[in-house]
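The values are calculated or read from the model by the stated rules, or taken from the named source; none is laboratory data. These numbers were taken from a predicted model, which means no experiment stands behind them. Ideal geometry is used to build each Cβ from the backbone, glycine not excepted, and the neighbour counts take in all protein chains shown. These area figures cover heavy atoms from the full protein model, side chains too; ligands, DNA and RNA do not enter into them. Shrake-Rupley method; radii C 1.70, N 1.55, O 1.52, S 1.80 Å.
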Amino acid sequence: MAFTPAQVALLDANRELVECRRLFHVAFASASYRLIEGSTPDTLGGSTWQPAHDWVQAAAIESGGPLEAVPAIYRIGKNPLPLLLAALDNRAEWWGRPIQQYLQLYSGGVPVGPMVSMHRGKIRDVKKVQTAELEYLEIRAESPLDIRNMTPLGEYTDRDQQRRSAGDRGCEFAPSLVGKVITGWLRG
């Protein structure tokens, strides 16, 4: 969603100072979190957004080249979401779950226009990062374009290969190769 005329007018009138807050919506398998930067909650778009305090840090969103799928990186520090800690070892809880970052403009503490979507993606990795000075959880969210570099869902079986490319016999002999050890040089 692009900026509305009211938001553009606000930006034009306040070139030196624009008040904005980022919002983060994370939908895990068993719970959904709506967090807003700062220490006060807000109701936007018909939903209540809980204060994120300084829990969430988002790396700068990179645009990348044409058709390049650059991931967004989110750091969950200090007091990580309770579900995220419990889900760290439960991949089914977070794998492929949607995460979205918005931007909301304010004038005098009142929201101006709708939220603007900054990034939408699916969680592909959650890992704990721990150094002598820092400890945080890092979420890597891939954009919808990342799927173009992944193999189609399924196995490397003849049935799945026939579904992808009818008439291709490349995987027909795969079951006969299980446990087979090839020694020496392969000759054609």
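Of the strands (runs of 3 or more DSSP E) lying entirely inside the stretch 61-167, those carrying at least 2 residues that are at pLDDT 75 or above and out of contact with any strand residue (DSSP E or B) (no Cβ under 6 Å at 6 or more places or on another chain) are 110-130.
Can you pull out every residue in the stretch 20-37 that is assigned to a strand (DSSP E or B), farther than 16 Å from Pro114 by Cβ and open to solvent by 30 Å² or more (accessible area, probe 1.4 Å)?
Ser32, Tyr33
When residues in the stretch 83-128 are screened for being more than 22 Å from Glu19 (Cα to Cα), in contact (Cβ under 8 Å) with a residue 24 or more places away in the chain and not basic (Lys, Arg), 15 of them pass.
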